[in-house]
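Every read-out reported here was derived from the displayed coordinates using simple, explicitly stated rules and does not represent laboratory data. Since this is a predicted model, take the numbers as computed values, not measurements. We place every Cβ from the backbone using ideal geometry, glycine too, and count neighbours over all the protein chains shown.
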């Protein structure tokens, strides 16, 4: 029995095609009026990179409130020591940076890195899946939102949309990029040059024959193939130049370096999303050393490699690091922390007003804690992103309302000069 073409495409997407095809059939639709680009000719250079820490990172161990003794009372085995000999990187006398993040400390010192503490989603869920979905859709409390906020952002950017304008790093398209606009996927790191099923000549020929018409599905397929071939070409050129026959090291640093090379090679790339897992530290979280420290070290080294690799493009780039929620103020009986609420959000870039802890700090006394157990949320994560979109990407209020249908009322941090 013949299979309906839509069902067939959906079936294949569930196996491997979702990592190759742009999702959405309107990806070549025109953006805003070209007059915007004429007024702001450098707008196409503006880039936004969003890194999601899946699993809920412990923001109180990332940006440590070492000036409050209650922090040490609540965490007898996992608190980050405040003395410099233990490696605490003091930020402003009250907050300090986990020593495993020493690779990014120079960005704080040169004032291109800022943190927004007590930040997060107003929704009270402690479910990883729900919280991530709300943050990626940009609509806390509404599980039925059909698209992600980065896809909606792509729809309001000016000019014609190139196949590689929006790039997701990973084998599948995340919720944040799903929607009607076309988004490309690629894999970076040790698996980036491995052939995929669609790269087999027989499979590619079969798909070329199946989707050779002018209908929307065929157009989506051809756009996806064009984007993939362009990305693979860019990656191969830089691999041959930089590797000199040596194998690539594992880890985020390598992927971040490759991402920077890709961005510099393809000037069409404006929006990038990537995620890192392993932040759900219920057991044996550790302090200066241990499970969390190891993950933070890899994160810090990778972000440093990304910034260094971007070079001058860092001046036109903003990098946001976020997680679905924070973790409990007190450590649990297994030397870890459980699902919490407020967290620390990162904003970094050449135009960022760095070297500052942004947001309203609610304090750590029991009356100030959310449900008397978690750091409270005093800054809505959408306020942070909206400020970036308005000041960095130059979005209008109408465009912002498209990206975030319900603009939060919490004060926006002063992230830019």
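In terms of surrounding Cβ atoms within a 10 Å radius of their Cβ, 273, 129, 416 rank from fewest to most as 129, 416, 273. Here 282, 341 are placed in order of increasing Cβ neighbour count within 10 Å, fewest first, which gives 282, 341.
Legend: ranking of residues 137, 119 from fewest to most surrounding C-beta atoms inside 10 Å; resulting order 137, 119.
Contact order, relative form, for the stretch 373-413: 54 percent (alpha carbon pairs under 8 Å, 6 or more residues apart, mean separation divided by residue count). Modelled label positions at residue 332 and residue 102, each set 7 Å beyond Cα in the direction of Cβ, lie 3.1 nm from each other. What is the spin-label model distance, in nm, from residue 368 to residue 180 if the labels are put 7 Å beyond Cα along the C-beta direction? In this crude spin-label approximation the distance works out to 4.6 nm. Using C-alpha pairs below 8 Å separated by at least 6 residues, the relative contact order for the stretch 94-178 is 23 percent. Distance from the Cα centre of the stretch 382-402 to that of the stretch 284-360, in angstrom? Between the Cα centres of the stretch 382-402 and the stretch 284-360 lies a distance of 22 Å. Taking 7 Å steps out from each Cα toward its Cβ at residue 160 and residue 398 produces label points 2.4 nm apart. Residue 264 to residue 77: FRET efficiency via 1/(1 + (r/R0)^6), r the Cβ-Cβ distance, R0 41 Å, to the nearest 0.05? That pair, residue 264 with residue 77, gives E of 0.40. The value of relative contact order for the stretch 38-181, using C-alpha pairs under 8 Å at least six residues apart, is 16 percent.
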